[in-house]
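Colleague: Quick one: the structure is below, and I'll ask about it shortly.
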Amino acid sequence: MNGSIDTRVERLYQQIELVRGSGDPSRGRLCIMSFVAFLAGERHSDAPATASPVIRNFAIVVNDEMPAHLRQRLKPFAPRILGTNDGLDRQRLDILRRAAAEELLPLSGAPRPAAQAAAGAGLMAWLRARLLPQMEATLIADTVATSEVELAASAAKLIALAARRAPTPAEQERCWGKAVELLDRLCDVGAERPRPAAEPARLAWLDDLAAKSQRRRQRIQSALGRVTSLGEGEASS
């Protein structure tokens with residue numbers, strides 16, 4: 001991953017739990033894109049103006065389809081997505097087009113029972129016939145249309161399909177590892193250009209949330225200590 005992640009953000013994003021849907025910022029529960037909006041100082045939304053539409057469409061599907069324990073691996077990407085609405089989405093679509101042809105379709109080809117394999121073959125044929133040519137067409141166009149950007153979601157859905165059909169938990173995790181790897185590559189496009197940092201006021205809010213969490217943990221530990229002391233006193237009497 002890009003080594004320029006703000007170390008303070010890297011520490012403070014642990015206060016956020018990534019969830020399906022746009023989440024609730026007052027409870028520290030956000031999806032990856034509403035977390036981006038939060039760090040950018042934008043209103044609560046899963047469509048922050050600062051973010052690449054291609055990254056948004058890809059990341060939302062990955063966020064919502066990933067198991068909860070794996071979803072937390074997306075948190076480091078939030079500060080990296082800031083400022084990616086930079087006019088470079090054709091390059092990002094090229095990455096996804098190539099990945100779909102060379103990495104994602106093979107990823108979906110794990111052996112399955114005959115009936116499922118037939119259904120899977122039909123889906124793969126449809127993707128080859130529809131998804132890849134449309135992605136190819138975006139490389140010719142001068143601009144990236146909304147319908148073309150939505151192809152990024154199709155690439156993410158292909159990964160989700162492979163994960164659902166994975167024969168073992170290890171294979172499922174490998175599929176989601178590919179999603180994380182692709183998101184990393186998408187964020188790297190244009191990374192040599194200056195990008196905005198997280199809004200200081202939002203980092204201060206995370207600092208306050210961290211302090212409240214620490215005080216809550218201390219109160220719980222103190223209460224448990226008192227209960228333990230009472231139990232030991234009763235046992236010795």
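Colleague: Do any trypsin sites (Lys or Arg not before Pro) in the stretch 1-102 lie in a loop, going by DSSP, with at most 11 other beta-carbon atoms within 10 Å of their beta carbon, and if so which?
Modeller: Arg43
Colleague: Tabulate in residue order the Karplus-calculated ³J(HN,Hα) for the stretch 63-76, using 6.51 cos²θ - 1.76 cosθ + 1.60 with θ = phi - 60°, rounded to whole Hz; enter x for Gly and Pro.
Modeller: Residue by residue, the stretch 63-76 yields 4, 6, 8, 5, x, 4, 5, 7, 4, 5, 5, 7, 4, x Hz.
Colleague: Shape call for the stretch 16-112 from the C-alpha gyration tensor, a ≥ b ≥ c root eigenvalues: rounded (a/c under 1.5), prolate (a/b greater than b/c) or oblate?
Modeller: Because a/c hits 1.5 or more and a/b fails to exceed b/c, the stretch 16-112 counts as oblate.
Colleague: Under the rule of at least 5 residues apart or a separate chain, name every residue whose amide H is placed under 5 Å from the amide H of Gly23.
Modeller: HN-HN under 5 Å from Gly23: Cys31.
Colleague: Modelling each spin label as a point 7 Å along the Cα-to-Cβ direction, I'd like the Gln72/Ala49 distance in nm, to one decimal.
Modeller: A separation of 3.4 nm, rounded to one decimal place.
Values in this text are rule-based calculations from the coordinates and carry no lab data. Since we're looking at a predicted model, the values are computed, not measured. With ideal geometry, Cβ positions are generated from the backbone for all residues, glycine too; neighbour counts draw on all protein chains shown.
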